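Peer 1: Submitted below is the structure of interest, expressed as structure tokens.
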Amino acid sequence: MNCLFCNIANKQLPASIVYEDDEIIAFHDITPQAPTHIVIIPRQHIATLNDLNAQTVALAGRLLLRVPLIAKEQGVSETGYRTVINCNASGGQTVFHLHVHLLAGRLLTWPPG
Ligand code: 5GP
Ligand code: ZN
């Protein structure tokens, strides 16, 4: 399977990495939608949020817990930030490897587009 984010996770493709451990990696989005735009992914290939299951829910929890820690490192936890998980076509997902967007550094309006 040729997955862009798997290739970033295994270092076959370069990325501007801000955090990594044995199961999670986070890097700057190549097309930032805010002054801070980081993508946080599990190294394990999970295609969409629909594909989470009992075997991967603990990993997903650790992924989510990592978000405020990265936000703090980026200096945006007090001013605030938005997390987004796009799922499938109508949700705007373009890379089919589960990821959390961390967006900050500007006032993010609601509702989203
Ligand atoms: P999605 O639209 O699937 O929720 O988010 C995919 C994100 O991956 C987009 O924000 C897009 O800009 C980002 N992206 C696509 N290709 C690359 C790449 O090669 N490197 C990095 N760092 N981000 C990418
Ligand atoms: Zn993948």
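None of the figures in this text is laboratory data; all of them are computed from the coordinates on show. Computed from a predicted model, the values in this text were never measured in an experiment. Reconstructed Cβ throughout: ideal geometry from the backbone, glycine too, with neighbour counts over all protein chains shown.
Peer 1: Which of the residues belonging to region 65-113 are surrounded by 14 or more Cβ atoms within 10 Å (Cβ to Cβ), touching a Ser or Thr at 6+ places or on another chain (Cβ under 9 Å) and of a type in the set (S, T, N, Q)?
Peer 2: Selection gives 74, 86, 93.
Peer 1: Okay, next question. For region 39-59, how many residues meet the condition of being within 16 Å of ligand 1 (Cβ to nearest atom) and in a helix (DSSP H, G or I)?
Peer 2: Selection size over region 39-59: 3.
Peer 1: Restricting to region 6-38, count the residues that are surrounded by fewer than 16 Cβ atoms within 10 Å (Cβ to Cβ) and part of a loop (DSSP other than H, G, I, E, B).
Peer 2: Summing the residues that are surrounded by fewer than 16 Cβ atoms within 10 Å (Cβ to Cβ) and part of a loop (DSSP other than H, G, I, E, B) in region 6-38 gives 14.
Peer 1: Run residue 110 past the list (1) over 25 Å from residue 4 (Cα atoms); (2) touching a residue at least 40 places away in the same chain (Cβ under 8 Å); (3) among the aromatic types (Phe, Trp, Tyr) and report the number of the one that doesn't hold.
Peer 2: It is condition (2) that residue 110 fails.
Peer 1: Search region 39-51 for residues being more than 16 Å from residue 21 (Cβ to Cβ) and surrounded by 15 or more Cβ atoms within 10 Å (Cβ to Cβ), and hand back the single one that is nearest to ligand 2 (Cβ to nearest atom).
Peer 2: Among those residues, the one meeting the criterion is 45.
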